[in-house]
Amino acid sequence: MIDMSDALDGLTQPVTYKQITTTTVDFVPTETVTTTTIDAVVQPARLADLNIEQVDYSKRYLQVHSVSPLVINDFIEWQGKDHKIIQLGPYQDYGFYEAVAEEWTP
Amino acid sequence: MDPVIQLAKYTRDLLSLPEAQIKLGRDNFDNTDFNETLIVVDTLVTVPQYNSFSYDGNNEIMSYIVNMLGDFTLNFYGLDAEANAQRWIALNTSEAARQLQKALEIQIYNGTSFNNLRWLPGSEYRNRIEVSVKMRYNIVETNDVGRIDEVQLDQFLIDC
């Protein structure tokens, strides 16, 4: 496979990546947040990449590219707000990850 | 007390299963493997049966108790769905079950139905057995109520 990861060189910025794992003790959930910093290209998501029937126009949608693994249900913190990864692109075999993240409010 | 959590604890301890294999209903859980054992505990409707009171004179606390009776469902998934469902129903009458119910302050009656939901209209699912059961539990709320230590009586005599 062609390695296209160097296409991101010079375009990335450090962003905070959050993984939330939930464990239960006697069925009472406890969330553990693991925070790391990854280099990623962050830009507004294209409308064509979104599921038009599920878009919430009051929220911001981001398109994220990174050589670090991106996982659905993890979070990207950008400009002070958390964005939940809701969609992954099929580019893992080409050296990078693509994801769509939705602005998340607790 | 959350009755669904109490029933989930009861199921976990009765069948000696890991807690991760028992989920609370409508908890937004993604099941990625229908071969693994999974039990989903949920409730349909609960109805108040009767009220009672209990007073702790030493601490001056009044307890208000409502006895609830409800319908609960357990959905068994995985390759061992039917075996686990049958084990649950059979062990429900054991001494261990009685002790667990006493510790969790619940009372579980024998299962009211045992449905094989594998074939749903228009689609095919892997193993899914639904057991319906009635369970009784109490809701308790407490209030500070002063204790009467000394009663003072005033008597009035009317001379007619």
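The values are calculated or read from the model by the stated rules, or taken from the named source; none is laboratory data. A quick note: this is a predicted structure, and the numbers were derived from the prediction, not measured. Neighbour counts run over all protein chains shown; Cβ positions are idealised from the backbone, glycine included. Quick note on the areas: whole protein, heavy atoms, side chains included, nothing else; ligands and nucleic acids left out. Shrake-Rupley method; radii C 1.70, N 1.55, O 1.52, S 1.80 Å.
In segment B:21-33, the qualifying residues are those that are surrounded by 11 or more Cβ atoms within 10 Å (Cβ to Cβ) and within 11 Å of another protein chain (Cβ to nearest Cβ), and the one that is nearest to the chain's Cα centre (by Cα) is B:LEU24.
In segment B:34-68, of all residues being exposed (fewer than 12 other Cβ atoms within 10 Å of the Cβ) and among the small types (Gly, Ala, Ser), the one that is farthest from B:GLN21 (Cα to Cα) corresponds to B:GLY57.
Flag: A:GLY95 does not match the condition of being of a type outside the set (A, V, I, L, M), surrounded by fewer than 11 Cβ atoms within 10 Å (Cβ to Cβ), more than 14 Å from chain B (Cβ to nearest Cβ) and out of contact with any Gly (no Cβ under 8 Å at 6 or more places or on another chain).
Pairs under 7 Å by beta carbon, first residue free of Cβ contacts under 8 Å to residues at least 24 places away in the same chain in segment A:85-101, partner not in a strand (DSSP E or B), six or more apart or different chains? Listed by first residue and then by second, the contacts come to A:ILE85/A:LEU70; A:ILE85/A:VAL71; A:ILE85/A:ILE72; A:ILE85/A:ASN73; A:ILE85/A:ASP74; A:ILE86/A:ILE72; A:LEU88/A:LEU70; A:LEU88/A:ILE72. Restricting the first member to segment A:18-29 and to residues that are at the interface with chain B (Cβ under 9 Å from one of its Cβ atoms), and the second to residues that are of a type in the set (Gly, Ala, Ser), the beta-carbon pairs closer than 7 Å and six or more apart or on different chains are A:PHE27/B:ALA8.
Is it true that A:ASP39 is among the charged types (D, E, K, R) and either more than 28 Å from B:PHE29 (Cα to Cα) or touching a Pro at 6+ places or on another chain (Cβ under 9 Å) (or both)? Yes, satisfied. Among the residues making up segment A:17-55, those that are aliphatic (A, V, I, L, M) and either open to solvent by 90 Å² or more (accessible area, probe 1.4 Å) or modelled with pLDDT of 85 or more (or both) are A:ILE20, A:VAL25, A:VAL28, A:VAL33, A:ILE38, A:ALA40, A:VAL41, A:VAL42, A:ALA45, A:LEU47, A:ALA48, A:ILE52.
For the condition more than 16 Å from B:GLN107 (Cα to Cα), more than 9 Å from chain A (Cβ to nearest Cβ), touching a residue at least 24 places away in the same chain (Cβ under 8 Å) and out of contact with any Ser or Thr (no Cβ under 8 Å at 6 or more places or on another chain), B:LEU38 qualifies. In this structure, does B:PHE76 turn out to be hydrophobic (A, V, I, L, M, F, W, C) and surrounded by 15 or more Cβ atoms within 10 Å (Cβ to Cβ)? For B:PHE76, the condition - hydrophobic (A, V, I, L, M, F, W, C) and surrounded by 15 or more Cβ atoms within 10 Å (Cβ to Cβ) - is met.
In summary, B:LYS9 fulfils each of the numbered conditions (1) more than 13 Å from the chain's Cα centre (by Cα); (2) of a type in the set (Lys, Arg); (3) within 14 Å of chain A (Cβ to nearest Cβ) with the single exception of condition (1).
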